[in-house]
Each structure stands twice: as structure tokens, then as C-alpha cells.
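A.B. asks: Below is the structure I would like to discuss, written out as C-alpha cells.
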């Protein structure tokens, strides 16, 4: 239990601090939090992932089996939620229900948790390679086709492709892997500059995430929000973690798979839903509910895996 709490409490305490700075002191207003969030995901986090990969041995990091496992489990998760979404009477909520249920905050919270447990993000890049491109394509397709009057055209497909190619997270991983593969040395000046910038990603990102939490958003459409959250935090872990264990994954690799399966919904769910003509209430509610509840559920998952001597 101490191991699990040491991994999760520092991460979620930073989010609580962000919430307090936003809601109690107003030192971190919404506009500033949005700017921080943009900076973290477009600059600091890609640099941090680049640093972790560029300074590692490519042949030690790379594991094609993990990439394939992450892709397949992500696809199955999307298809399962797609089937469940047809039980919703309000057709306009279906795309949001699916996206918020499968799209986790692996990059930000995953990096923070891996640093607390192992000191670096390690094989987290494998999860991002296997899942993030699929996440983006599925989100664009679902949000386009499941909006009234929506249709799939060349513009929607182009947007999905562009989203993958220009994704800063993917670019940071790609450059880091290439740097590691070619064994390019880093001058001290570059190394220290990259290290300083990378160090800002986790604390600023967690503060911004905490500042974005608005509990009242959960009440907008609470039933599908709760169902989506339960799948995001508990069901997918219960379904696919035993498969990962059966395949022989242990230690760091098993933790990053857990992060993919049981991390809270990412804020970009809400942003993408709003930008593509959806209301965004269910997305916002799922982000809030999963973020708050994951402090307990993720600690429980770590406790179970640690007790079973799997990590």
C-alpha cells in the first residue's frame, strides 16, 4: 500500500493544488490554465519524451509486441463502447460517450506516474505509438459521423491524417527513437537545455489539469458519464490486464499497459468534441469524474499488481 500511495499521492496532490489555485485563490485562472495546457502538450511533454528516448538504448526500449497489444486492446475497447453507445436514447451523446470512455491521459498522467515509480517514463512511448494514432483517427471518424448531418468526406479524413502527422507527442517520440537508433551524441549545452525544459512538463501539466476540474459538469448527463467512467477506470483493466499478464508482461511494461487501460479521460476529449459540433457536456463530466476517482482506482490497481508481485 505504501508503494502504491507513493506512486499516486504526489501526482494527485499537484492536481489538488491546481484546483485550489484556480477555485480558491484565483492565482491560476482559466485562460492561464489553458495556456499552460497548450504549452505542456505542444512543447514540454514532447521534449520530455524525446529526452527519455534519445538517452536510452533503442534495442532495449523497442518491443513490437507491446505496440501491437496496445493497438489491438485499444481497438477492442473502441468497438465495445461503440456497441454500448447504441443503448443511449440521445443519439447526440454517442460519439462523446465512446471517445471519453477510451481516450486516456497516458501522456501527462502516465509520464508523472512512471517517473514516481521508476524514475523515467521508459516504455510509455510504446503505448503512445500503439494507441495515440488510433485514438485520433477513431475520434475524428466518430465525432464526424455521429453528429446530426455528419458525413465522412475527404476533409474529415485529411484532418485525421494531419492530426497524426503533426501531433507533437508522436513527433517527440519519433525523433527520440531515431536519435536513439542512430546513437547521436548530445552536447552538454543541448542536454542541459532539453533537461530544463522537460522538467517543466509534469508539474505544470498537473497544475493545469487540476485547474480545469469543475465538479458541476458531472451533473449535465450523469448516467452515461458514470457508465463511461466505470469502463475507463475499471472495466478495461479487468478485461485486458489478465491477458497482458498471461502474455508475460511484468514490471514497467505492465504498469504502462495499466496506464493505457485505467488512466482518466484526457481533457482533449472535451476540446475535440466541442470543436466538431458536439455539446461537450458528457466529455467534460467524464474528464472530471475519472480524474477525481482515478486517485483511488489507480492506487487500487497498483496495490493489486504489487501484492501479486507483478510489478
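The values are calculated or read from the model by the stated rules, or taken from the named source; none is laboratory data. Please read all numbers here as calculations on a predicted model, not as lab measurements. Counting neighbours? That spans all protein chains shown, and the Cβs are built from the backbone with ideal geometry, glycine included.
A.B. asks: Kindly establish whether residue 213 is within 19 Å of the chain's Cα centre (by Cα), crowded, with 17+ Cβ neighbours inside 10 Å, touching a residue at least 24 places away in the same chain (Cβ under 8 Å) and in a helix (DSSP H, G or I).
C.D. replies: no
A.B. asks: For the structure I just gave you, tell me whether residue 232 is more than 22 Å from residue 112 (Cα to Cα) and either in contact with a strand residue (DSSP E or B) (Cβ under 9 Å, 6 or more places away or on another chain) or at pLDDT below 95 (or both).
C.D. replies: So residue 232 fails the test.
A.B. asks: Can you tell me how many residues within the stretch 1-33 are over 21 Å from the mean Cα position of the chain (by Cα), modelled with pLDDT under 90 and under 10 Å from residue 207 (Cα atoms)?
C.D. replies: 1
A.B. asks: Then there's this: Conditions first: (1) assigned to a helix (DSSP H, G or I); (2) in contact (Cβ under 8 Å) with a residue 40 or more places away in the chain. Residue 132 passes all but one, so which condition is the exception?
C.D. replies: That leaves (2) as the condition not met.
A.B. asks: Pairs needed: first member in the stretch 222-237, surrounded by fewer than 18 Cβ atoms within 10 Å (Cβ to Cβ); second member anywhere, in a helix (DSSP H, G or I); C-beta distance under 8 Å; at least 6 residues apart or different chains.
C.D. replies: Pairs that qualify, where the first residue is surrounded by fewer than 18 Cβ atoms within 10 Å (Cβ to Cβ) and the partner is in a helix (DSSP H, G or I), are 222/285; 226/289; 234/262; 234/297.
A.B. asks: With the condition kept exactly as written, say whether any residue in the stretch 184-191 is outside any helix (DSSP H, G or I), closer than 20 Å to residue 120 by Cβ and free of Cβ contacts under 8 Å to residues at least 24 places away in the same chain.
C.D. replies: yes
A.B. asks: Next up: Quick check on my filter: what residues within the stretch 257-286 are within 11 Å of the chain's Cα centre (by Cα), at pLDDT 90 or above and in a helix (DSSP H, G or I)?
C.D. replies: If the condition is that a residue be within 11 Å of the chain's Cα centre (by Cα), at pLDDT 90 or above and in a helix (DSSP H, G or I), then 259, 260, 261, 262 are the ones that fit.
A.B. asks: Got at least one residue in the stretch 48-57 being touching a residue at least 24 places away in the same chain (Cβ under 8 Å) and surrounded by fewer than 17 Cβ atoms within 10 Å (Cβ to Cβ)?
C.D. replies: Yes, that holds for at least one residue.
A.B. asks: Does any residue of the stretch 236-245 turn out to be touching a strand residue (DSSP E or B) at 6+ places or on another chain (Cβ under 6 Å) and modelled with pLDDT of 90 or more?
C.D. replies: Among the residues of the stretch 236-245, not one is touching a strand residue (DSSP E or B) at 6+ places or on another chain (Cβ under 6 Å) and modelled with pLDDT of 90 or more, which makes the answer no.
A.B. asks: Output yes when any residue across the stretch 247-256 is surrounded by 15 or more Cβ atoms within 10 Å (Cβ to Cβ), in contact with a helix residue (DSSP H, G or I) (Cβ under 9 Å, 6 or more places away or on another chain) and outside any helix (DSSP H, G or I), and no when none is.
C.D. replies: yes
A.B. asks: If you take just the helices (runs of 4 or more DSSP H) that sit entirely in the stretch 36-129, which of them hold at least 3 residues that are under 17 Å from the mean Cα position of the chain (by Cα)?
C.D. replies: By residue number, 45-54, 64-85, 94-102, 111-118.
A.B. asks: For the stretch 1-18, enumerate the residues that are more than 16 Å from residue 115 (Cβ to Cβ) and crowded, with 21+ Cβ neighbours inside 10 Å.
C.D. replies: 18
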